[in-house]
Amino acid sequence: MLSWLWIDYRTTGTTILATHFNRDRAVLINQLRHQGRHNAIILVAAIAIGSAIPGVPISAIAILSGIFFGRWPGFVINLTGITLGNLLAIYLMS
């Protein structure tokens, strides 16, 4: 799984490592904002699993979804993930 993530985020990772944040900030933000739909599904699943487990902080993942996809798509991803996670917790507790 880690190798799949590295292959998927290789260009973004190398840009982050090679970029000084003050110099090429526009390039970095542009690469982070152009993520695919499969990444949205991964973030929704991570937020859902994190919100279903008591005590797991999901704020870092929620912030990443806002950075990757922007304000409103990130909000929808967070709302969907938290809703699914709470429904999963209710299902498991009943």
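What to note about this one:
- Test: residue in segment 30-47 that is of a type outside the set (S, T, N, Q), at pLDDT below 85, over 18 Å from residue 83 (Cβ atoms) and more than 12 Å from the chain's Cα centre (by Cα): yes
- The numbered conditions (1) modelled with pLDDT of 90 or more; (2) more than 14 Å from residue 39 (Cα to Cα) are all true for residue 78 except (2).
- Taking segment 39-57 as the range and being in a helix (DSSP H, G or I) and open to solvent by less than 70 Å² (accessible area, probe 1.4 Å) as the test, the residues that pass are 39, 40, 42, 43, 44, 45, 46, 47, 48, 50, 51, 52.
- Residues of segment 63-75 satisfying the condition of being at pLDDT 90 or above and loosely packed, with under 13 Cβ neighbours inside 10 Å: 72
- Residue check for residue 60: surrounded by 11 or more Cβ atoms within 10 Å (Cβ to Cβ) and free of Cβ contacts under 8 Å to residues at least 60 places away in the same chain: no
The values are calculated or read from the model by the stated rules, or taken from the named source; none is laboratory data. Being a predicted model, the structure only gives us computed values, none of them experimental. Please note: Cβ atoms are built from the backbone with ideal geometry, for glycine as well, and neighbour counts cover all protein chains shown. To get the accessible areas, we keep the full protein, side chains included, count just its heavy atoms, and leave off ligands, DNA and RNA. Shrake-Rupley method; radii C 1.70, N 1.55, O 1.52, S 1.80 Å.
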